[in-house]
Amino acid sequence: MTANRGNLLPVYVLADESGSMGPYIGKLNGGLASLHEALLGEPMAAAKVRFSILGFAEDVQERLCLADLRRESTLPELFSRGYTNYGAAFNALRQRLPGDIKALKAEGFTVHRPAVFFLSDGQPTDSGWEQAHGQLVDRSVTPAAPNVIACGIGKVQPSTILQVATQSEYAFVAIEGVDLGAAIADFCTALTKSIVESGRSLGSAQPELVVQQPEGFRMAIDVV
């Protein structure tokens, strides 16, 4: 029997790579690079996290898979392309979760429920995405169903972000008039803080997912 090597939190960044993100994708890549640098300075917290980046447009491209950020020299970049397909994103994540969890458990870790940080700047172009989302978050269908923290910028509707988040307190939209580049930077800062605090929590007697509200955002439920 493999010895227990400790607790792990799988974290997925599910990022919109559609064409409308083109002017801001550099800011997102820069924010993720800053996240990486910050986690290198928090090795105890970083040790508790395995980090994946999935870019979605009309399909999903895996940019990083279950990485220990302490062992990564740089992070891969996201690219602007195509149109916004939510269903493809949720289906791809649902299909990969069982294998990811199995692989981490096979390494001897206790695996906590995954956390997905979703970022989009537009409404989905596909119909039926709600069914794909429902299957992803239904624990009877997907035993490793994740907690989804959803952040919306640009033209995405608060009601849509509320549907994507698994709890209303996990749904945030950028305040109207905020520069989108600045909003993306704030998203990355909050993501960093959430990962660091959650990683620290996994080393405590009462591990929990910690979610930081990004500056420049408000709860989506407040603006519906």
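Please treat every number below as a calculation from the coordinates, not as lab data. Predicted, not measured: the structure shown is a model, and the values here were computed from it. With ideal geometry, Cβ positions are generated from the backbone for all residues, glycine too; neighbour counts draw on all protein chains shown.
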Completion exercise
Any aspartates and glutamates whose Cα falls less than 12 Å from that of K155, other than same-chain ones fewer than 8 residues away, would be D121, E176
Exercise for the section: Please give the helix 180-202 orientation as an angle from the longest Cα principal axis of the chain, in degrees from 0 to 90, rounded to the nearest 10. Expected result: 20 degrees
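Remind me, relative contact order of the stretch 115-224 in percent, using alpha carbon pairs under 8 angstrom and six or more residues apart?
Values: 169 pairs, mean separation 28.8, N = 110.
Here the relative contact order equals 26 percent.
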Exercise for the section: Convert each backbone phi in the stretch 143-148 into a coupling constant with the Karplus relation 6.51 cos²θ - 1.76 cosθ + 1.60 (shift: θ = phi - 60°), then list the ³J(HN,Hα) values in order as whole Hz, x for Gly and Pro. Expected result: x, 9, 3, x, 7, 10
Problem - Helix-derived mean residue ellipticity, 222 nm - over the chain, DSSP H n ≥ 4, -39500 (n - 2.57), to 500 - result: -11500 deg cm²/dmol
Problem - Degrees separating the helix 86-106 axis from the principal Cα axis of the chain, which is the longest one - result: 10 degrees
Problem - Hz values of 3J(HN,Hα) by residue in the stretch 48-53 - Karplus curve (6.51, -1.76, 1.60), Gly and Pro given as x - result: 8, 10, 10, 10, 10, 10
Practice task
Measure nothing but the geometry: give the 0 to 90° angle between the long axis through the Cα atoms of 25-40 and the longest principal axis through the Cα atoms of the chain, rounded to 10°.
Solution key: 20 degrees
Exercise for the section: Return the single residue from P158, P124, P146 with maximal mean-square fluctuation; model: Gaussian network over the chain, springs between Cα atoms under 10 Å. Expected result: P124
Problem - Spatially proximal lysines relative to K48 (Cα-Cα < 30 Å; intrachain offsets below 8 disregarded) - result: K27, K102, K105, K193
Practice task
Please name whichever of N85, T74, G6 sits farthest to the positive end of the charge dipole of the stretch 1-147, dipole taken about the Cα centre and charges placed at Cβ: Lys and Arg +1, Asp and Glu -1.
Solution key: G6
Exercise for the section: Mind giving me the nanometre distance, one decimal, between the label points for A205 and S140, set 7 Å out from Cα along Cα→Cβ? Expected result: 3.7 nm
Exercise for the section: Please find, in a Gaussian network model of the chain (springs between Cα atoms separated by less than 10 Å), the residue of V211, V178, V137 whose mean-square fluctuation is greatest. Expected result: V178
Practice task
Quick one: which residues, 5 or more positions from L64 or on another chain, have an amide H under 5 Å from its amide H? H modelled 1.01 Å from N in the peptide plane, none for Pro or chain starts.
Solution key: I53
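Taking the Cα centre of the chain as origin, sum charge times position over the Cβ atoms of Lys and Arg (+1) and Asp and Glu (-1), and report the length of that vector in debye to the nearest 20.
Numbers: 18 positive and 24 negative charges, 159 e Å.
That gives the chain a dipole magnitude of about 760 debye.
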